[in-house]
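Contents: one structure, followed by commentary.
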Amino acid sequence: METILTNEKYVGDVILYKNFSPDFPGNKRIPNNGEHQKYIQEDHHPAIVSRETFRAVQEMRESRSNIERHADETVSRKARRYTGKKE
């Protein structure tokens, strides 16, 4: 069930170039962590989950996470542990 809540394919979108092969035609594929530009194609196929529901779940997951993303693009952990309760 969690994959439906986090995977963009369920809302009909596709992200291209998530992985790539650094030594083509080699078979080894590695995650794209900014080495190449990623492309998003929205409404590529029929959605299973509505876009509004998907966005609401992403916001809820972000609010419950113990990871903070700052404006200067740094990442840190909150002092408290994960909790399902809203503050």
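Quick one: net charge around GLU42, please, counting Lys, Arg +1 and Asp, Glu -1 for every other residue with C-beta under 12 Å from its C-beta. The partial results should precede the final answer.
On the way: positive: LYS9, ARG51; negative: GLU8, ASP13, ASP43.
The answer is -1.
About the Cα centre, and with charges only on the beta carbon of Lys, Arg (+1) and Asp, Glu (-1), how big is the dipole of the chain? Nearest 20 debye, please.
That gives the chain a dipole magnitude of about 520 debye.
When only alpha-carbon atoms are used, what values of Rg and Dmax, in angstrom, describe the chain?
16.6, 51
HIS44's amide H: which non-local residues (gap 5+, or another chain) put their own amide H closer than 5 Å, with H modeled 1.01 Å from N in plane and none for Pro or chain starts?
Placed amide hydrogens put ASP13, VAL14 under 5 Å from HIS44.
Among ALA71, ALA56, ALA47, which one moves the most in a GNM of the chain with springs linking Cα atoms closer than 10 Å?
ALA71
Could you work out the relative contact order of the chain, using alpha carbon pairs under 8 angstrom and six or more residues apart, expressed as a whole percent? Don't skip to the answer; put the middle values down first.
On the way: 92 pairs, mean separation 22.5, N = 87.
The value is 26 percent.
Among the GluC sites (Glu not before Pro) in the range 13-58, which ones are in a DSSP loop with at most 16 other Cβ atoms within 10 Å of the Cβ? Mind listing them?
GLU35, GLU42
For the range 1-43, state the average projected area of the convex hull of the C-alpha atoms over all orientations, rounded to one decimal in nm².
Numbers: hull surface 15.6 nm².
The orientation-averaged projected area of the Cα hull of the range 1-43 comes to 3.9 nm².
Using a 1.4 angstrom probe on heavy atoms only, work out the carbon and sulfur share of the accessible area of the chain in %. List each step's numbers first, then the result.
On the way: 3860 of 7440 Å².
Answer for the chain: carbon and sulfur cover 52 percent of the accessible area.
The values are calculated or read from the model by the stated rules, or taken from the named source; none is laboratory data. Quantities reported herein were computed from a predicted structural model and do not represent experimental measurements. Using ideal geometry, Cβ is built from the backbone for each residue, glycine included, and neighbour counts are taken over all protein chains shown. These accessible areas exclude ligands, DNA and RNA; they are computed on the full protein's heavy atoms, side chains included. Shrake-Rupley method; radii C 1.70, N 1.55, O 1.52, S 1.80 Å.
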